[in-house]
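> One structure coming up, written as structure tokens, with questions to follow.
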């Protein structure tokens, strides 16, 4: 099976290395210093106190890699619409496509029968280019629970977690999801098939939509924010609003904010991806993570004043730093 990885940053590089080390035929679409390092030396994966080097095919041009059987897209949401048309060279009629990004994916409201069916998330895919380039029938939902970062181009430090949930966008199980989960498990990943991947994506969103934008505003790590009583209370209100939106969308969210916040606290002294992007001068994923949640609330006519206020504050913080917030 040919497995393509689009983007060789922290998560993409980690997945590519794990799969290649397990013997899979892995190709990576990358660019710049990351591409140069991978082409010359492979991907260096540091995890669990050891260092491994995984050799993969790598190119900046999708056509040079050719069609893949499985395509895992691991670029951040702001970069995806411009990249999407070029991905056609990586697809054949049976390619399965998964998106490993944070926030709500562009396809979230596209499966038939879901509440707000057909809603195009303007905060994620304003022109519909993702919807056109990546048809729903090709897609599997994916939610990644892992902490990784890149101390240098082509070098991935895996800190914790290896849980991957994948499932059909419309719900239920399938043979293709089962087969891919088994391949991921063989690569040492804790991959499981979800019968309700939309719910699982929303549950992950609860943490990202709260911690990420507030870290952008405060510049603080997750444990420091959670241990500040006023911010803790803010996170509870934000999660309550997000859970309310999910309920109106028919999602069964049997989760308490305090328990969800405690899970994040257990990860320790962590910089969110949004704070890392701010410090590195990169575009932040504010629209895909929090903007899409506020847009979903508007679609079900549910006021979310706390989420809306934090979105405004975080967006202004990004703009005053001279960064796009998409």
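The values are calculated or read from the model by the stated rules, or taken from the named source; none is laboratory data. These figures come from a predicted structure and were not determined experimentally. Reconstructed Cβ throughout: ideal geometry from the backbone, glycine too, with neighbour counts over all protein chains shown.
> Can you name every residue in segment 8-24 that is closer than 18 Å to residue 66 by Cα, modelled with pLDDT of 95 or more and outside any helix (DSSP H, G or I)?
Selection gives 24 alone.
> I need a count of the residues in segment 302-326 that are in contact (Cβ under 8 Å) with a residue 40 or more places away in the chain, assigned to a loop (DSSP other than H, G, I, E, B) and farther than 20 Å from residue 278 by Cβ.
Summing the residues that are in contact (Cβ under 8 Å) with a residue 40 or more places away in the chain, assigned to a loop (DSSP other than H, G, I, E, B) and farther than 20 Å from residue 278 by Cβ in segment 302-326 gives 2.
> Go through (1) at positive phi; (2) more than 21 Å from the chain's Cα centre (by Cα) one by one and return the number of the condition residue 57 breaks.
Against the list (1) at positive phi; (2) more than 21 Å from the chain's Cα centre (by Cα), residue 57 comes up short only on (1).
> Given 234, 206, which one is at pLDDT 95 or above and not assigned by TED's automatic domain parsing to the domain that holds residue 180?
Just one listed residue meets the conditions, 234.
> Which one is modelled with the highest pLDDT among residues in segment 237-255 that are within 15 Å of residue 204 (Cα to Cα) and not in a helix (DSSP H, G or I)?
Filtering segment 237-255 for residues that are within 15 Å of residue 204 (Cα to Cα) and not in a helix (DSSP H, G or I), the one modelled with the highest pLDDT comes out as 251.
> Right, another one. For residue 271, indicate whether it is more than 16 Å from residue 206 (Cβ to Cβ), outside any helix (DSSP H, G or I) and not assigned by TED's automatic domain parsing to the domain that holds residue 119.
yes
> Within segment 233-250, count every residue that is touching a helix residue (DSSP H, G or I) at 6+ places or on another chain (Cβ under 6 Å) and under 22 Å from residue 316 (Cα atoms).
Count: 6.
> Can you name every residue in segment 165-199 that is under 15 Å from residue 99 (Cβ atoms) and touching a helix residue (DSSP H, G or I) at 6+ places or on another chain (Cβ under 6 Å)?
165, 166, 167, 194
> So which of 288, 292, 258 is outside any loop (DSSP other than H, G, I, E, B), in contact (Cβ under 8 Å) with a residue 60 or more places away in the chain and either touching a helix residue (DSSP H, G or I) at 6+ places or on another chain (Cβ under 8 Å) or not assigned by TED's automatic domain parsing to the domain that holds residue 217 (or both)?
Answer to the check: 288.
> Now a separate question. Looking only at segment 162-182, filter to residues that are in contact (Cβ under 8 Å) with a residue 24 or more places away in the chain and farther than 18 Å from residue 138 by Cα; which one of those is surrounded by the most Cβ atoms within 10 Å (Cβ to Cβ)?
Result: 164.
> Next question. Give the residues of segment 69-90 that are buried (at least 20 other Cβ atoms within 10 Å of the Cβ), more than 13 Å from the chain's Cα centre (by Cα) and closer than 15 Å to residue 140 by Cα, sorted by residue number.
Once the filter is applied, which keeps residues that are buried (at least 20 other Cβ atoms within 10 Å of the Cβ), more than 13 Å from the chain's Cα centre (by Cα) and closer than 15 Å to residue 140 by Cα, segment 69-90 yields 70, 71.
> So, in segment 183-198, exactly how many residues are surrounded by fewer than 21 Cβ atoms within 10 Å (Cβ to Cβ) and part of a helix (DSSP H, G or I)?
Result for segment 183-198: 3.
> So which residues in segment 20-40 are on the phi < 0 side of the Ramachandran plot and out of contact with any strand residue (DSSP E or B) (no Cβ under 7 Å at 6 or more places or on another chain), if there are any at all?
22, 31, 33, 34, 36, 37, 40
> Give the residues of segment 133-150 that are outside any strand (DSSP E or B) and out of contact with any helix residue (DSSP H, G or I) (no Cβ under 8 Å at 6 or more places or on another chain), sorted by residue number.
Residues satisfying the conditions are 135, 136, 137, 138.
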